[in-house]
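I have placed the structure first, in the form of structure tokens, so that the comments after it can refer back to it.
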Amino acid sequence: MSAPTAVVTGASRGLGRELARALAERGWRLVIDARGPEALEAVRGELAEATDVVALRGDVADEKHRRALIAAAGRPVQLLVNNASELGPSPLPRLSVFPLEELERVYRTNVFAPLRLAQLALPSIATGGRILNLTSDAAVEAYEGWGGYGSSKAALDQLSMVLAAEHPQLRIYAVDPGDMRTEMHQRAAPGEDISGLPEPVESVPALLDLIEGQRPSGRYSVTELSASSV
């Protein structure tokens with residue numbers, strides 16, 4: 001049998017890179033992307049030692065790039081992971097002064113791009129295929145300064161649930177990995193010591209639970225997934 005194919009966005013660092021590594025070890029064929037060419041090429045070279053991988057430099061907010069990602073995946077696609085995210089301005093501004101042009105940029109990456117990639121991939125996803133949309137607790141909790149990013153993830157949560165209702169033959173998840181020691185988190189909290197936060201690799205087993213298990217479509221957190229697997 002041919003290897004299953006996964007599209008993983010934002011795979012040059014953080015959780016996207018760690019999940020891509022885990023999928024490569026399990027024999028998945030990968031289509032990955034990132035905006036930075038050097039980091040993307042480094043990950044591509046590493047993953048190519050374990051599996052067939054296509055790495056496309058680009059921005060998920062760009063329609064031409066989105067089409068190229070899905071075209072590179074071919075048919076069928078077993079997994080789409082919408083991991084690429086845009087934080088917005090740093091330090092995080094209050095909503096009362098949030099520049100609307102920046103908010104539009106956040107929504108283009110965090111809401112419109114995942115939906116559009118799903119739209120493009122759906123004709124290629126066979127029954128039982130999966131879509132993972134990476135969300136945040138800022139989608140459901142009111143944290144000062146997180147209104148832009150959090151509201152975009154709340155929109156992504158709702159899109160995920162409606163897509164799941166509309167495509168019961170698939171498993172569509174919104175999954176919150178929790179706070180992690182990432183470049184994005186450091187940008188959100190400039191000057192703060194985040195060394196005590198978990199490394200992204202610690203969230204990978206819970207994501208694999210969704211990818212390889214039989215959980216119904218829905219919104220999950222890594223914390224609850226990890227607790228239920230003990």
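Please treat every number below as a calculation from the coordinates, not as lab data. Note that the structure is a prediction, hence the values are computed from the model and not measured. FYI the Cβ positions are ideal-geometry reconstructions off the backbone, even for glycines, and counts take in every protein chain you see.
Data table
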| read-out | value |
| --- | --- |
| Label of the coordinate-derived value, Cα Rg over 2.2 N^0.38 Å, listed as [x] 0.96; [y] 1.06; [z] 1.84 | [x] |
| Kyte-Doolittle at least -1.0, axis length at least 24 Å by Cα - qualifying DSSP helices, the chain | 147-166 |
| Zone of A165's modelled label, taken as backbone nitrogen in region 199-230 under 18 Å from a point 7 Å along Cα→Cβ | 216-220 |
| Under 5 Å, built H, 5+ apart or other chain: amide partners of V31 | A6, V7, V8, V54 |
| Theoretical gain in end-to-end length, S229 to E102 [0.36 nm per residue, Cα-Cα removed] | 41.8 nm |
| Given 10 as the ceiling on other Cβ atoms within 10 Å, longest exposed-site-free region of the chain for GluC sites (Glu not before Pro) in DSSP loops | 50-140 |
| Computed magnitude of the charge dipole of the chain (debye, nearest 20; Cβ of K, R +1, Cβ of D, E -1) | 840 debye |
